[in-house]
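Participant: Starting off with a structure, shown below.
The values are calculated or read from the model by the stated rules, or taken from the named source; none is laboratory data. If you're wondering where the values come from, they're calculated on a predicted model, not measured in any experiment. Every residue, glycine as well, gets a Cβ built from its backbone with ideal geometry; the counts of neighbours run over all protein chains shown. Ligands, DNA and RNA are excluded from the accessible area calculation, which covers all protein heavy atoms including side chains. Shrake-Rupley method; radii C 1.70, N 1.55, O 1.52, S 1.80 Å.
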Amino acid sequence: MNISPKTVVLSIALFTIQFGFCRNQIPALQKKGNTTQLVVEGKPFFIFGGELGNYSTTTMENKQPIWPKTCQTNEQKYPRDNNVEFLTKSQKDKLVKELNQTALKLSNHLLSSPKYMKYETSFLNSIHYAEVCAAYGVSKFAQQTYNTSLMLKLLERYKPLQKDSIAWRTNHVDGNVYGVLPLQFYQYTKDKNYLEHGLFMANSQWKDTLPDGMTSQTRYWIDDVFMVSSLQINAYQATKNQKYLDNAALFTAKYIDSLQQKNGLFFHGPKAPIHWGRGNGWMAAGMAITLSELNKNHKYYPTILKGYKNMMETLVNYQNTNGMWKQIVDMPNSWDESSCTAMFAYARSTGINKGILTDKKYKEAVLKAWNALKVKINEKGELSDVCVGTGQSSDVNYYLNRPKTSGDFHGQAPLLWLIGSMLQDAPLVYFF
């Protein structure tokens with residue numbers, strides 16, 4: 001559309017007249033240092049711009065029905081919770097810088113790893129899901145921040161696996177999840193070889209189903225919810241094929257119905273009545289990623305939303321004053337554990353971004369968790385106090401005595417997800 005100089009001048013004039021009618025003070029441009037701000041009623045004003053029509057210039061008649069909607073303050077459009085203490089601009093800038101610098105550290109830690117982390121057991125020989133989840137976090141961050149160099153390095157690391165059978169294992173939930181990466185890479189490169197690979201992994205997961213429609217990979221270990229949902233959700237994002245979203249929703253809802261307790265937390269599994277931190281973290285993250293795409297009219301939306309909100313409410317009560325959550329969530333004498341803390345914060349931040357969690361306590365919980373985690377990262381980009389890989393047990397001491405480690409992808413991954421989520425809508429959610 002060609003816009004004449006007269007149209008531009010008229011638009012500016014109409015804009016100025018509009019706010020002259022709305023305000024007691026006339027808006028003005030004010031120079032502060034090296035920047036110029038539009039100031040309305042003594043405050044910087046952020047314009048949420050848009051056009052009235054693609055094929056018409058603006059007239060007073062066209063403007064008439066729009067005035068009541070546009071002639072509002074930011075506070076009217078986006079009401080604030082007056083009980084929340086918002087960050088200042090300098091605090092915001094500092095936080096965003098911290099998030100970006102930390103994500104780059106974590107990304108470089110993955111990219112500098114000389115070998116792939118692998119499953120090498122009697123039942124599975126594949127790339128380990130923890131590395132897949134970390135690489136997924138790097139991919140999301142690189143694409144979100146338009147970091148081409150980082151994304152190309154990530155593609156280069158996993159390029160050899162396109163023709164390696166170890167990345168095509170489909171006999172176990174922890175093997176299929178590798179499909180998340182080629183689906184991420186397809187969304188960046190539009191290379192259909194990546195799409196073919198990712199969809200092969202997603203489709204094979206549902207090739208054999210149980211009588212209730214669930215995948216034959218169903219184990220009712222809460223760890224599974226993120227593994228299955230992340231793969232199916234990424235397949236949906238790459239294709240917009242509803243069946244993948246339905247798969248994720250069905251799987252998540254069934255696990256909620258089977259494993260969630262009255263207190264909102266989850267047992268590690270049917271024979272492991274323990275509220276293990278990272279296990280609950282996988283569940284929280286899985287529910288969050290499913291809700292991030294699920295339509296409110298979907299038949300499983302109410303079940304997943306209720307399970308998610310119940311868990312988020314309960315977790316508020318178990319967060320330590322230092323911002324951390326415990327190795328066993330509801331056991332105060334267990335130790336502070338980093339991977340579950342990052343997962344719970346990520347799940348909360350996702351809910352905040354979607355407008356599901358609106359109470360100030362959820363925002364405060366995310367920021368407290370971040371402040372606790374950031375001091376646990378060393379110069380190599382390794383997050384400390386991460387529980388090693390953990391199977392199921394009915395013995396609480398098994399969980400309490402699990403070793404701690406640093407730099408394990410089980411912790412690196414969710415911290416990357418958390419950073420990406422906090423950066424996603426940071427200005428609107430946390431700062432203004």
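Participant: Filter the range 244-300 down to the residues that are farther than 22 Å from residue 342 by Cβ, hydroxyl-bearing (Ser, Thr, Tyr) and within 21 Å of the chain's Cα centre (by Cα), then identify the one that is most open to solvent (accessible area, probe 1.4 Å).
Facilitator: Across the range 244-300, the extreme among qualifying residues is 300.
Participant: Related question: Among residues belonging to the range 301-316 that are open to solvent by 20 Å² or more (accessible area, probe 1.4 Å) and among the aliphatic types (A, V, I, L, M), point out the one that is nearest to residue 265 (Cα to Cα).
Facilitator: 316
Participant: While we're here: Being closer than 18 Å to residue 207 by Cβ, at pLDDT 95 or above and part of a helix (DSSP H, G or I) narrows it down to one of 178, 136, so name that one.
Facilitator: Only one candidate passes the filter, namely 178.
Participant: So residue 221 passes all but one of these: (1) farther than 28 Å from residue 359 by Cα; (2) within 21 Å of the chain's Cα centre (by Cα). Which condition number does it fail?
Facilitator: (2)
Participant: Give me the helices (runs of 4 or more DSSP H) completely within the range 317-432, filtered to those with at least 3 residues that are surrounded by fewer than 16 Cβ atoms within 10 Å (Cβ to Cβ) and modelled with pLDDT of 95 or more, ordered by residue number.
Facilitator: Once the helices (runs of 4 or more DSSP H) in the range 317-432 are filtered for at least 3 residues that are surrounded by fewer than 16 Cβ atoms within 10 Å (Cβ to Cβ) and modelled with pLDDT of 95 or more, what remains is 396-400.
Participant: Taking the range 130-165, which residues are closer than 28 Å to residue 388 by Cα, small (Gly, Ala, Ser) and open to solvent by 50 Å² or more (accessible area, probe 1.4 Å)?
Facilitator: Matches in the range 130-165: 165 only.
Participant: Name every residue in the range 172-219 that is open to solvent by 30 Å² or more (accessible area, probe 1.4 Å), in contact with a Ser or Thr (Cβ under 6 Å, 6 or more places away or on another chain) and in contact (Cβ under 8 Å) with a residue 40 or more places away in the chain, in order of residue number.
Facilitator: Matches in the range 172-219: 206 only.
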